[in-house]
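Notes follow the structure.
The values are calculated or read from the model by the stated rules, or taken from the named source; none is laboratory data. What you see is a predicted model, and the numbers here were worked out from it, not measured in a lab. Neighbour counts are summed over all protein chains in view; Cβ atoms, including those assigned to glycine, are modelled from backbone coordinates with ideal geometry. Just so you know, the surface numbers come from the protein's heavy atoms only, side chains and all, with ligands and any DNA or RNA stripped out. Shrake-Rupley method; radii C 1.70, N 1.55, O 1.52, S 1.80 Å.
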Amino acid sequence: MPLAHVKAGSAAGKRKATGIGPARRIAEELRAQNERFSAAVENMSHGLCMFDAEERMIICNRNYIDLFRLDAKVMKPGIRFFDILQHSVDIGIASQSAAELYAVRKPYIDGAKPSTYEETLADGRIIVISHRPLASGGWVSIYEDVTEQRRAEDELKEQHRRFDAALANMSQGLLMYDADGKMIVRNQRFLELYKVAAADFPFGTTHRDALERLLELGIYTKIDVDSEVAKTEAALRAGKMQSAYRYLADGRTFLVVRQPMSGGWVVTFDDVTERRRTEERMTHLAHHDTLTNLPNRSMFRERLDQALSEPKVAPLAIFSLDLDRFKAVNDTFGHPAGDWLLKCVAERLRRCLRSDKDVVARFGGDEFAIIQSNVRGAADAEKLAKRIVEVIGKPYRDKGREMHVGVSLGIALYPGDGQDADTLLTNADMALYRGKSEGRNIYRFFEPGMDAMVRERRALEADLETALSKREFELDFQPILDIASGDIVGAEALMRWRSPSRGLVSPEDFIAAAEETGLIVQLGDWALRKACSAAAGWPRDVRMAVNVSAAQIKSGGFARSVISALAFSGLPASRLELEITETVMMDESDTVLRTLRQLRGLGVRIALDDFGTGYSSLGYLRRFPVDKIKIDRSFIRDLDKRDTAAIVRTVIGLGAELGITVTAEGVETEAQLDMLRKAGCGEAQGFLIGVPAKASEMSRLLRSQEKLRLSG
């Protein structure tokens, strides 16, 4: 017998034995089915309500009651749909009347098609209602609370709107790549910067495609695409930011920065053409003389140190040069003619060099220096010296005028005359002054017996040690003008030494000696206290500027000296301005930075003097922001030159951007002052504004100004 028949027979036997009839069996199956249906309905994540053709409720689940916050006692099977609406109005959950709600739903009830619509409840929640008609009449509705979903969608839309607005208003171009290296975001600024169309860089473009396309369009000059792609991929794998400058065929420079992000990376493009040009000008300015475009002292020293640090240093000759009769040219023909002559001398010296490794520099005034490389004994150096004397001694003709100067040279040979830069330069200077003392238009090699200069310096230092106690020092004050208002807003204290035996000693001579011996600390403290005392009697809006040596700040007790001078004089800290040189800014020791920050914290202003010479760098301003920068007089003297004027305007603009006062030194003509005024320079100082004067004369000037102001 088949197995199926056996089982069927057994089941029939059991039913017969138990006495369960067909009607009973159907009822139990129906009950079980209803229990399963109820369980399913109650466990739905959405609300459900079913109505018959008479619009009476058949069943609803707990989610439906909770969603609309209905009373479970009211929600019994058989309740009319309109009464449910009225109940929701009564408990304040509906935002309209029952009649209005019913009028909205009636078309869906009468319609034979499924439909979905939204309803906003009185408490602001948003409910999506899915209406489905039943074949036997009536309908079933599913209710879903989508309030949080809608809020999230709205927030996402707002984020997208903000993102789009940010992209559209960025000053930088931007591309974003996904994890597969395909472009997914591109802003309009990118297209504008590269002057390309959107079709040139469609979404889905890879990094390699973009580089190759820029080459095809002639926007980039020659570039190794494989190398660039490999470097970028390596940086991204390492999770590191990558930046590089891109030089475009049209002369512009872009800074391209690639930054890894989760699931891809973002690239920004910034047009830094003007910034790079300014940096290059400032870098060039920091290492070159503005008048002759020769390397300056710092660049010369850098090249000399570099030559001496080579593993196998070739023999060198160091020349110290000084023009003869140059002062006579200046006095006879004026400073413009003197400047023209210095440029001619610089060019002639350039032509005298025989190798690219040779260096000629201008140290200032009519002082020059030369490094001659690969010297084959003193004969080589002597040959160059004779050539320089001959070439420089030839006449200079300009505008029908003929000028004559000579040159004196001192020569030190490496390694015989010194093993380091300081010794070589000192010995070359000794040889120069020996030559000048013996005549003009002459050269001399260093000899060990040339120590007369050293003896003279020691005598000067000895006199310096007693000069302060003998009250041989005094201060003069040079006024500083606010260009916009035309008022004198401050003065710079200038130290003077009147020696009974030496007469009026130049600050260039005694300040250097004081710094070398350390006497500058004591001398600086005296000048600071004297200047503060003088300024205390001036009008309250006038500041006092005092020059400060690097040695003073490094001494460790400078801040106490400033505090003492202010307390002794009663001068407010805000009226004191300390002028420091770039050599101070170069020293980033804890003592220097701590002292400067402490003084600024007190309210004392810090000014960077002689900005644009020596070691000027924008980096100093970033690492330690100052209150003022003073443009060196050499730039103001050449304001009529286009390049110099552009540099001055750049510095003034830099000051404006950083909120730093800019003071121009050495203003001697109305034309210079007018150009500075138009460029937006804040302050001016120089003979046009006022010559250095005694404290009493400065006080009279300030009182006169105050009277005029009060009377006006």
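Relative contact order (percent) for the range 459-616, with alpha-carbon contacts under 8 angstrom and 6 or more residues of separation?
Across the range 459-616, relative contact order equals 18 percent.
Could you list the trypsin sites (Lys or Arg not before Pro) in the range 46-93 that lie in coil according to DSSP, counting only those with at most 13 other Cβ atoms within 10 Å of their Cβ?
Those satisfying the criteria are R69, K73.
Shape verdict for the range 486-591, please, from the Cα gyration tensor: rounded (a/c under 1.5), prolate (a/b greater than b/c) or oblate.
Since a/c reaches 1.5 but b/c is at least a/b, the shape of the range 486-591 is classed as oblate.
Among the listed pairs K357/K630; K530/K707; K628/K678, which have their C-alpha atoms separated by more than 28 angstrom in this model?
From K357/K630; K530/K707; K628/K678, over 28 Å: K357/K630.
Using amide H atoms built in the peptide plane, which far-off residues or other-chain residues are under 5 Å from A693 H to H?
The answer is F477, Q478.
Run the accessible area of the chain with a 1.4 Å probe and give the carbon-and-sulfur part as a rounded percent.
52 percent
Could you work out the helix-only [θ] at 222 nm for the chain, with each DSSP H run of four or more residues adding -39,500 (n - 2.57) and the total divided by the number of residues, to the nearest 500 deg cm²/dmol?
-15000 deg cm²/dmol
How about the range 254-340: which trypsin sites (Lys or Arg not before Pro) there lie in a loop by DSSP and see at most 10 other Cβ atoms within 10 Å?
Answer in residue order: K312.
Provide, as a two-decimal number, the C-alpha radius of gyration of the chain over 2.2 N^0.38 Å, N being how many residues it has.
Computed over Cα atoms of the chain, the ratio equals 1.67.
Please go through the residue pairs K394/K641; K312/K394; K436/K470; K312/K554; K312/K383; K327/K641 and name each one whose alpha carbons sit more than 29 Å apart in this structure.
Exceeds cut-off: K312/K394; K436/K470; K312/K554.
Between the alpha-carbon centers of the range 475-515 and the range 307-348, tell me the distance in whole angstrom.
Going from one Cα centre to the other spans 28 Å.
Could you go through the range 504-514 in sequence order and give the Karplus-derived ³J(HN,Hα) for each residue, using 6.51 cos²θ - 1.76 cosθ + 1.60 with θ = phi - 60°, rounded to whole Hz, and x for Gly and Pro?
Result, ordered by residue: 7, 8, 5, x, 4, 7, 7, 5, 4, 5, 5 Hz.
Using only Cα atoms, find the angle between the long axis of helix 590-602 and the longest principal axis of the chain, and express it within 0 to 90 degrees, rounded to the nearest 10.
80 degrees
What longest region of the chain stays clear of chymotrypsin sites (Phe, Trp or Tyr not before Pro) that DSSP places outside H, G, I, E and B and that have at most 14 other Cβ atoms within 10 Å?
204-686
Which trypsin sites (Lys or Arg not before Pro) in the range 366-414 pass both tests, a DSSP loop state and at most 16 other beta-carbon atoms within 10 Å?
Here the trypsin sites (Lys or Arg not before Pro) that fit, given the DSSP loop and packing criteria, are R376, K399.
Suppose a student asked you for the relative contact order of the chain, using Cα pairs under 8 Å spaced at least 6 residues apart; what percent would you report?
For the chain, the relative contact order is 7 percent.
Using a 10 Å Cβ count of at most 13 others and DSSP loop calls, identify the longest part of the chain lacking such GluC sites (Glu not before Pro).
Excluding the exposed sites themselves, the longest stretch runs over 55-587.
Any idea what the relative contact order of the range 140-234 is, in percent, if you count C-alpha pairs under 8 Å spaced at least 6 apart?
17 percent.
I'd like the Karplus ³J(HN,Hα) series for the range 232-241: coefficients 6.51, -1.76, 1.60, θ = phi - 60°, whole numbers in Hz, and an x wherever there's a Gly or Pro.
5, 5, 5, 5, 5, 4, 7, x, 10, 6
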